[in-house]
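Step one of this worksheet: look at the structure below.
Every number here is computed from the coordinates shown, using simple stated rules; none is lab data. Model, not experiment: these values are computed from the prediction. Heads up, the Cβs are rebuilt from the backbone with ideal geometry, glycines too, and the neighbour counts pull from every protein chain shown.
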Amino acid sequence: MGLARLHKPLIACPRHAKRFFSVVDGITGMEGNGPVAGTPRPAGIILAGANPVAVDAACACLIGFDLNRLPLVSRGFEDHDLPLRPGGMKAVE
């Protein structure tokens, strides 16, 4: 499938679920070449929410990523038959 198209099935999967609750354990993060060769760093964060795209976007923002450069997150906000996050990325800010 290739990494360039990996976001497509991942974005489509949650649309078939009726309810979500995403939890991200950020108590200890990873710096460098994680998850195996990185250096553990205390972060002390737990994020949770009812929308998986919004939770992923919040995590990406916290660690300084540009959401427009993350297709798995940014395309989850695009208009679809079953949008995952009404209101777009601005609604997460």
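Would you grab the residues whose amide H sits under 5 Å from the one on A43? Only those 5+ places off in sequence or on another chain, please, with H modelled 1.01 Å from N.
Here the answer is T28, G29, since their amide H atoms fall under 5 Å of that of A43.
Which order do peptides 48-61, 24-37 fall in by mean Cβ count within 10 Å, highest first?
Most protected by this proxy first, the peptides run 48-61, 24-37.
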